[in-house]
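Everything below concerns the one structure shown next.
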Amino acid sequence: MDKYAQLHSEHEENCNETAHWYAVDTCASLLSTAAWQSGHPALCKIPCKKKTKSFENNQSQSAKGIIDILVHISNETELWIEAKKPNDCFDVSENSENPASQAKISRCFWAAYESSFQKKLETRNKDCKTISIVFCSFSLRPEYYQGADALPRRQARAQHVNLVLNKVILEDPKSSFCASYFDVTEKTISDELDNRPFGFAVLGHFGDVQL
């Protein structure tokens with residue numbers, strides 16, 4: 001996760017734009033790169049099989065699927081990662097029209113788990129571990145970068161978002177994790193509404209492959 005955050009920082013410094021505002025495939029490719037740079041070869045969008053239920057007879061059947069990120073931990077062990085991302089960047093300003101609420105993040109969190117569970121059934125005879133992750137991106141309105149009290153106001157918003165993320169993780173604390181990164185310094189990068197990139201988070205759930 002630290003390497004993933006470093007790649008985002010390098011991209012922002014070199015390209016004067018924010019990568020985590022983009023779609024899930026961009027975040028997945030950066031996480032794959034972070035895995036490579038951490039000594040674990042990884043690829044994105046690998047074909048696989050997944051198990052689905054027939055509505056007619058309630059029997060499992062195989063269907064074509066995709067491993068969003070496949071990480072080789074060793075010659076025998078792989079991580080199969082299912083990745084999701086909400087369509088929009090969350091505006092975490094107070095009174096936001098698109099807040100980072102527990103309900104919104106939780107829905108995406110468990111949708112990722114459900115998708116990874118379908119692939120988990122295919123890993124029973126393999127030394128694999130299924131993980132579902134959700135990429136979240138956050139922005140702040142320009143008024144949080146104006147005035148003498150701007151810095152403590154940004155710090156307060158970061159604390160608030162971390163509390164919300166922690167509530168999602170506490171829905172299943174034994175198998176879930178979260179890493180969040182906030183940049184409370186001054187920002188010149190902005191979107192079409194002049195909102196600034198404030199930070200991002202990766203929430204995850206480790207699946208149990210021993211069925």
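The values are calculated or read from the model by the stated rules, or taken from the named source; none is laboratory data. As the structure is a prediction and not an experimental result, all values here were calculated from the model. Here the Cβ is made from the backbone with ideal geometry for all residues, glycine too, and neighbour counts use every protein chain on show. For the accessible areas, the whole protein counts, side chains as well, though only heavy atoms, and no ligand, DNA or RNA atoms are used. Shrake-Rupley method; radii C 1.70, N 1.55, O 1.52, S 1.80 Å.
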For the range 160-185, name all the residues that are assigned to a loop (DSSP other than H, G, I, E, B) and either among the acidic types (Asp, Glu) or closer than 19 Å to Arg107 by Cα (or both). Leu170, Glu171, Asp172, Pro173, Lys174, Ser175, Asp183
What's the number of the condition Arg157 fails, among (1) modelled with pLDDT under 95; (2) within 28 Å of Ser106 (Cα to Cα)? (1)
Going by what's in this entry, would Asp194 be described as within 22 Å of Leu70 (Cβ to Cβ), more than 20 Å from the chain's Cα centre (by Cα) and exposed (fewer than 14 other Cβ atoms within 10 Å of the Cβ)? no
Being part of a helix (DSSP H, G or I) and crowded, with 17+ Cβ neighbours inside 10 Å is the filter here; which residues of the range 68-105 pass it? Gln102, Lys104, Ile105
Checked against (1) modelled with pLDDT under 90; (2) out of contact with any helix residue (DSSP H, G or I) (no Cβ under 9 Å at 6 or more places or on another chain); (3) open to solvent by 20 Å² or more (accessible area, probe 1.4 Å), Ala112 satisfies every condition except (3)
